[in-house]
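The values are calculated or read from the model by the stated rules, or taken from the named source; none is laboratory data. Computed from a predicted model, the values in this text were never measured in an experiment. Cβ placement follows ideal geometry from the backbone for every residue including glycine, while neighbour counts extend to all protein chains displayed.
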Amino acid sequence: MGKEMVKFENVIFAYDENGKVIQIDSWKVQEKEFIAIVGTYGSGKTTLLKLINGSVQPAEGQIVIDGVTLTEATYGDIIQKVGFLHENPDDQLFLPTVIDDIGFSLMNFDVPSKEIYRRVISVTKKMDIVDLLERDISSLSFGERKLVALAGVLVINPKILILDDPLLGLDFWTSKQLLNLLQRLKRSTTIICTANQWEVLDLADRIVLMVDGKINLEFDSADAFRDYFNSTPNHQE
């Protein structure tokens, strides 16, 4: 059994007092696992990701990330371990030029400018987007903005990468580029993502089905989930 990177114990979260959005009694993710989270709209998939990176806090229970219990006091430590690619890249692009935006998170961690430049060049070469570095963010397509946003996440070298529906809005070519990158990243990085495409599920080591804020079922392969999906009329029982 590998090292535990994510552990939920008796976690309850709600955006308001009217009801529970997330209720997870026990859930663990091992180092270098690729977890795909599926479920209908409103099932709690994105909220689960936000709990992992600490952007929302549980009302009850405990979340442990790479051995560190998530609290307001440890949030600064957690965000250096967990990288989060949002569904809409515009939610995390802040500066006018690509090269500055990719290095922005490192500036927040007081990384020296020469090291920032080195890491920005390194990550853009690995992603094959060096040609975008001198472009303005406003001139990029949606797919290019998503790749730039991901570069801004990967530049911090996170141990855990979480992605909210990473292929949403991408054309065939950009989707292939991102899938190939995820295939390489899964060798060294723990990946947790929400997904609505079989191509992403085929990369996963485990598929988690969420229903009404709870982990309803887990599958050890895309084929196992495909069999369930094809045999279940409403696909979420």
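Can you tell me how many residues within segment 77-92 are in a loop (DSSP other than H, G, I, E, B) and modelled with pLDDT under 90? Write out each step before concluding.
Applying the first criterion (in a loop (DSSP other than H, G, I, E, B)) to segment 77-92 yields 79-81, 86-88, 92.
With modelled with pLDDT under 90 added as a condition, the list becomes 79-80.
Residues that pass the stated criteria total 2.
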Inset, instruction - State yes or no: is Ala73 of a type in the set (Gly, Ala, Ser), more than 26 Å from Arg187 (Cα to Cα), touching a Phe, Trp or Tyr at 6+ places or on another chain (Cβ under 8 Å) and surrounded by fewer than 14 Cβ atoms within 10 Å (Cβ to Cβ)? - result: no
Legend entry - Looking only at segment 106-129, and only at residues there that are hydrophobic (A, V, I, L, M, F, W, C) and surrounded by 14 or more Cβ atoms within 10 Å (Cβ to Cβ), the one that is nearest to Gly76 (Cα to Cα): Leu106
Inset, instruction - Among what's in segment 139-168 and is without any contact (Cβ under 8 Å) to a residue 40 or more places away in the chain and not in a helix (DSSP H, G or I), pick the residue that is surrounded by the most Cβ atoms within 10 Å (Cβ to Cβ). - result: Leu167
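Considering only residues that are of a type in the set (S, T, N, Q) and surrounded by fewer than 16 Cβ atoms within 10 Å (Cβ to Cβ), which ones fall in segment 169-187?
Those that are of a type in the set (S, T, N, Q) and surrounded by fewer than 16 Cβ atoms within 10 Å (Cβ to Cβ): Asn180, Gln183.
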Inset, instruction - Identify the residue in segment 93-112 that is within 18 Å of Ile129 (Cα to Cα) and assigned to a loop (DSSP other than H, G, I, E, B) and, among all such residues, is nearest to the chain's Cα centre (by Cα). - result: Leu93
Inset, instruction - From (1) in a loop (DSSP other than H, G, I, E, B); (2) at pLDDT below 90; (3) more than 19 Å from Val211 (Cβ to Cβ), pick out the condition that doesn't hold for Lys32. - result: (2)
Inset, instruction - Search segment 73-98 for residues that are of a type outside the set (S, T, N, Q) and pair each with any residue that is assigned to a strand (DSSP E or B) and surrounded by fewer than 15 Cβ atoms within 10 Å (Cβ to Cβ) when their beta-carbon atoms are under 7 Å apart and the residues are at least 6 apart or on different chains. - result: Asp77/Val68; Ile78/Val68; Pro96/Asp136
Inset, instruction - Name the single residue, out of those in segment 15-29 being more than 23 Å from Ala224 (Cβ to Cβ) and at pLDDT 90 or above, that is surrounded by the most Cβ atoms within 10 Å (Cβ to Cβ). - result: Ile22
Inset, instruction - Go through segment 194-237 and count every residue that is part of a loop (DSSP other than H, G, I, E, B), closer than 22 Å to Glu31 by Cα and touching a Phe, Trp or Tyr at 6+ places or on another chain (Cβ under 9 Å). - result: 3
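Just for segment 58-76: of the residues that are out of contact with any helix residue (DSSP H, G or I) (no Cβ under 7 Å at 6 or more places or on another chain), part of a strand (DSSP E or B) and of a type outside the set (D, E, K, R), which one is farthest from Gly213 (Cα to Cα)?
Filtering segment 58-76 for residues out of contact with any helix residue (DSSP H, G or I) (no Cβ under 7 Å at 6 or more places or on another chain) gives 59-62, 64, 66-67, 69, 71-76.
Narrowing the set further to residues that are part of a strand (DSSP E or B) leaves 60-62, 64, 69.
Still in the list and also of a type outside the set (D, E, K, R): 61-62, 64, 69.
Values: Gly61: 15, Gln62: 16, Val64: 19, Thr69: 22 Å.
Across segment 58-76, the extreme among qualifying residues is Thr69.
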Inset, instruction - Search segment 203-237 for residues being surrounded by 15 or more Cβ atoms within 10 Å (Cβ to Cβ) and of a type in the set (Asp, Glu), and hand back the single one that is nearest to Gly42 (Cα to Cα). - result: Asp212
Inset, instruction - Determine whether segment 188-199 contains at least one residue that is under 28 Å from Val21 (Cα atoms), out of contact with any strand residue (DSSP E or B) (no Cβ under 9 Å at 6 or more places or on another chain) and surrounded by 15 or more Cβ atoms within 10 Å (Cβ to Cβ). - result: yes
